[in-house]
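Single-structure report; data block below.
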Amino acid sequence: MSELNRKSPERLQDRLEQVIQLLERHRLVDSLLDRSGGGREDLVDNLVQRQNQAELQRKLSELHPADVAYILESLPLDERLAVWQLVKSDHDGDILLEVSDAVRETLIADMDSHEIIAAANALDADELADLAPDLPRDVVRELMDSLDAQRRERLRSALSYDEDEVGALMDFDMVTIRDDVTLEVVSRYLRRFDSLPDHTDKLFVIDSEGRLQGVLPIHKLLVSSPDALVADVMATDPVVFDPHAEAGEAAQAFERYDLVTAPVVDADGKLCGRVTIDEVVDYIREEGETEALNSAGLREEEDIFASVWKSVRNRWAWLAINLCTALIASRVIGLFEHSIEQLVALAALMPIVAGIGGNSGNQTITMIVRGIATGQVQVAHGRRLIRKEAGVAMINGLFWGLVLAVIAWVLYDSTALSMVLMAAMLLNMLLAALMGVFIPLLRLRGGKDPALGSSVMITGITDSGGFFIFLGLATLFLL
C-alpha cells in the first residue's frame, strides 16, 4: 500500500525551506549570468535557471492554497512576488482569500486588472465579498459587470452586511428540497449532482415561496425508509440565524450546539443562505488575532516583511500614549525625589509595587475582555464585577504584600518600611482591580473595542498609582 500523502506543519515547514533554497539558487544563477560575458556558459546557466523555476512551480502546484499562502506570508516582498508569479493562475483567487490582509495588499498590487478579474471569477459570491473590499474600485465595477445576474445579486447581498454580522459569513451554495416528496426522490435528485457543496450535513426544506420549513440531516436520509416523506423525517426546530445578527453570537452557537452548518433566514422566514463551520472557524481565528493585536496597541494585522514606514504608522499611536503615561509616572517620581534621596531603599522597592499591580490589572482586563467577547459580561454587571475583583485583589494584596514585607524586613531590617510596602502593595492591587474592570466596560459602553490599548492604559495607571501610593506613604510615615 502506498504511503498516505499527509499534510502536517512539519511537512509544510520543509516545503518552505525547499522554496527558500530554490530561490537562493535562482539568485545565485542570476548573479553568475550578470557577471559572465556570454557564450556557452550562459546557455548552461539559463538551462539551470529554467530547471529551478520548473521545480519550484511543481512544488507549489502540489500544495493546498492555504499552504501556498503560508509560504507567501513567510517570504520577504521581492521573493514573495517572485513565487507569486509562478503560482498557477487558476489558484490565484483561493490563495488571495487565504493570505492575511496585509500580504493580500502586496499581491493585488502586483496584478493587473485582467488577472484580478480572472482570479475573482473563479470564486463564489460569498468569497468575492471577502475579497472585494481589498480590490481597486474600478476593478470591482468591471468585475460586477462580468458576473451573471444571480452571482451579481448574491454579491450585492453579501456586501450589504457589516463584517461582524452573520450575513457577511453567509454561503449561498446549498441544496434545497420540498417537504412533499419521498426520500427516494431526494436521493435520485442528489445523484444528479457531480458533488455536493462543502460541509453539507443537512438539506434545507423550503416551501414554494422559499420559506424555511425545516432541515433534513443527511444521516436521516441514509437510514430512513426510502418511501418516507421528507415532512415526516425532517427536523422542524433547527438552529437558525438572522442575517443581521452578530457573528460572534453565531460562533458561540456553533460551539454550543456542535453545528456544521446552519440556515440563515430573514424576517419573513425566507431562506437567505447558510453559515458553515469553516467560516465560523475563520471568524474566531481572525477575532482572536485582532484581540491580541489590539491588546498590544496595534491597529491592524501587520505584514512581518512590510516597509519600515507602514510598520511605524501601525505602531505609533499607542506608543505615543505609552510615552505620555511614562512621563506622568516619571513626574510622580520627581515629586518624591527628596524622599528617595533620604531613603535609597525606596528606589529599589517601588518598581516591585508598580510591576505587581500592572500584572494584576492585566489579569483582570484579560478576564473581563474575554467575558465581553463571549457575551457573558455586560455593562450592567459592572458593580458586581468590581466587588468580586476587589475581593480577589484584597486577598492577593494581603498575601503577597506580607511576603514582600518579610523580604524587605530581612533585607533592610525596618519594620516600618515593611508595613508601608505591604500597604502600598494592597492599595495598588485594589486600584489595578478597579481599573481592570472599569476601563474595558467604559470602552464597551462607548462603542469602542474593549481590548484596544487596555493593557497600555492599565500599565500606565498602575505604574503612576503604584509610585504615588508607595512614595506617598513612605514620605508620610517614614520621613
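The values are calculated or read from the model by the stated rules, or taken from the named source; none is laboratory data. None of the values given here were measured: they were computed from a predicted structure. With ideal geometry, Cβ positions are generated from the backbone for all residues, glycine too; neighbour counts draw on all protein chains shown. These area figures cover heavy atoms from the full protein model, side chains too; ligands, DNA and RNA do not enter into them. Shrake-Rupley method; radii C 1.70, N 1.55, O 1.52, S 1.80 Å.
Here's how it looks for residue 272: its modeled amide H is under 5 Å from those of 264, 265, 266, which are all 5 or more places away or on a different chain.
What does the accessible area per residue of the range 244-285 come to in Å², with a 1.4 Å probe and no ligands, DNA or RNA counted? Intermediate values should be presented prior to the final figure.
Working: 2060 Å² over 42 residues.
Solvent-accessible surface per residue comes out at 49 Å².
Once R0 is set to 41 Å, what does the formula 1/(1 + (r/R0)^6) return for the Cβ-Cβ distance between residue 232 and residue 81, expressed as a FRET efficiency to the nearest 0.05?
Working: r = 59 Å, r/R0 = 1.43.
According to the calculation, E is roughly 0.10.
Please calculate how many Å² of accessible area the range 363-479 carries per residue, with a 1.4 Å probe and no DNA, RNA or ligand atoms counted. Here the residues of the range 363-479 average 52 Å² of exposed surface.
Accessible area per residue of the range 309-359 at 1.4 Å probe, in Å²? It would help to have the intermediate numbers written out before the result.
Working: 3090 Å² over 51 residues.
Value returned for the range 309-359: 61 Å² of accessible area per residue.
When only Cα pairs below 8 angstrom with a gap of at least 6 residues are kept, the range 252-353 shows a relative contact order of 12 percent. Taken along the Cα-to-beta-carbon direction at a fixed 7 Å, the label points for residue 328 and residue 342 span 2.8 nm. Where only DSSP H runs of four or more residues are counted, the chain gives -22000 deg cm²/dmol as its mean residue ellipticity at 222 nm, each run worth -39500 (n - 2.57).
A simple packing score, the average count of other Cβ atoms within 10 Å per residue, orders the peptides 345-357, 112-124, 225-237 as 345-357, 112-124, 225-237, with the highest score first.
Measure nothing but the geometry: give the 0 to 90° angle between the long axis through the Cα atoms of 454-477 and the longest principal axis through the Cα atoms of the chain, rounded to 10°. Compared with the principal axis, the helix lies near 10 degrees. Ordered from highest to lowest accessible area with the whole protein assembly present and a 1.4 Å probe, 309, 400 read as 309, 400. Between residue 122 and residue 281, the modelled label-to-label distance comes to 2.2 nm, taking each label 7 Å out from Cα in the direction of the beta carbon.
Find the centroid of the Cα atoms in the range 364-381 and in the range 162-196, then give the distance between the two in whole Å. Between the Cα centres of the range 364-381 and the range 162-196 lies a distance of 37 Å.
Classification of the range 311-455 by its C-alpha gyration tensor yields an oblate form. The axis ratio a/c (a ≥ b ≥ c) is 1.5 or more, and b/c is at least a/b. Ranked by the mean number of other Cβ atoms within 10 Å of their residues, highest first, the peptides 429-435, 333-339 fall in the order 429-435, 333-339. Between the amide H of residue 181 and those of 230, 231, distances stay under 5 Å, these residues lying 5 or more places away or on another chain, with hydrogens modeled in the peptide plane. Rounded to the nearest 10 degrees, the inclination of helix 137-146 to the longest alpha-carbon principal axis of the chain is 30 degrees.
At 1.4 Å probe size, with the rest of the protein present, what percent of the exposed accessible area of the chain is carbon and sulfur atoms? Roughly 55 percent, rounded to a whole number. Distances between placed amide hydrogens fall under 5 Å for residue 205 paired with 177, 213, 214, 215, 216, all partners being 5 or more residues away or on another chain. Among the listed values (i) 27.1; (ii) 22.0; (iii) 35.3, the one matching mean projected area of the Cα convex hull in nm² as calculated from this structure is (iii). Mind running the shape call on the range 226-374? Use the C-alpha gyration tensor, a ≥ b ≥ c as the square roots of the eigenvalues: rounded below 1.5 for a/c, prolate if a/b tops b/c, oblate otherwise. Prolate. So how tilted is helix 149-159 from the main axis of the chain? Cα-based, degrees 0 to 90, rounded to 10. Value to nearest ten degrees: 10. The HN-Hα couplings worked out from phi for the range 386-396 by the Karplus form 6.51 cos²θ - 1.76 cosθ + 1.60 (θ = phi - 60°) are 5, 4, 5, 5, 5, x, 4, 5, 4, 5, 5 Hz, whole numbers, x standing for Gly and Pro.
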